[in-house]
Amino acid sequence: ITVNMNCPNSAGGVSPLDEPATLRQLLESFAACGDLPPVFLKIRMNPEPAMIDAVLAVTDDFPFVRGFVPSVGSKRPYVGLKTPQAVLDRMPGSLSGPFTRDGATRVIKAWYARIDHKRYALLGAGGIVTAENAYARIRAGASLVQVYGAMIYNGPGLIRTIKEGLCELMSRDGIGNIADAVGVDAVS
């Protein structure tokens, strides 16, 4: 189960569920439900070590929490859009997809360096359109990747293209198993 605790389009960018005390309350209510399948938390993932440790101090007490999905909103002013700035200024929310790619990769690296890899998995999401995008997220520490928006624009054949590209990239790097690529750039 993935619990989306952060939507950059809600509450003016405020994410109250990411606060450790609120997160604890939420997880305690989940724990009261009994046995749960693995739960992933989609939260605004801050790359600051103190913030990571604060979240982990809460989630470590709840064995059903098995991983995290970064929610990395892009900041205004947006660069590279064709929409006039005056129109953007009237629109609430934020951007996702390719505009969050670099930030999400940095966040994955920071979290990978601090989590228990046997306990938690990281899911790379946001702007994964090519095998290179997926591979960068995997090398940063993601053991899973999510392709969402790119499927809308490129169709389901994109998955095969990404998988074939991943095989070529791994072969280039002398990696025989994708699990061996997880986090190699986070520890260097």
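A few comments on the model shown:
- Tally, over region 32-69, of residues that are open to solvent by less than 10 Å² (accessible area, probe 1.4 Å), in contact with a Lys or Arg (Cβ under 6 Å, 6 or more places away or on another chain) and under 14 Å from residue 2 (Cβ atoms): 1
- Pairs where the first residue, in region 162-188, is open to solvent by 90 Å² or more (accessible area, probe 1.4 Å) and the second is in a helix (DSSP H, G or I), C-beta under 7 Å, 6+ apart: none
- The number of residues in region 146-175 being within 21 Å of the chain's Cα centre (by Cα) and hydrophobic (A, V, I, L, M, F, W, C) comes to 8.
- Subset of region 145-188 (residues that are in a helix (DSSP H, G or I) and aliphatic (A, V, I, L, M)): 150, 151, 152, 158, 159, 162, 166, 169, 170, 178, 179, 181
- Of the residues making up region 8-31, those that are surrounded by fewer than 16 Cβ atoms within 10 Å (Cβ to Cβ), within 19 Å of the chain's Cα centre (by Cα) and either of a type in the set (Gly, Ala, Ser) or at pLDDT 60 or above (or both) are 10, 16, 19, 20.
- Region 129-153: number of residues that are open to solvent by 90 Å² or more (accessible area, probe 1.4 Å) and of a type outside the set (Ser, Thr, Tyr): 2
- Among the residues of region 27-47, none is identified as free of Cβ contacts under 8 Å to residues at least 24 places away in the same chain and closer than 27 Å to residue 105 by Cα.
- Within region 90-119, the residues that satisfy the criterion of being modelled with pLDDT of 90 or more and open to solvent by less than 10 Å² (accessible area, probe 1.4 Å) are 108, 111.
The values are calculated or read from the model by the stated rules, or taken from the named source; none is laboratory data. The structure displayed is predicted, hence computed values, not measured ones. Every residue, glycine as well, gets a Cβ built from its backbone with ideal geometry; the counts of neighbours run over all protein chains shown. What goes into the accessible areas is simple: the full protein's heavy atoms, side chains included, and nothing from ligands, DNA or RNA. Shrake-Rupley method; radii C 1.70, N 1.55, O 1.52, S 1.80 Å.
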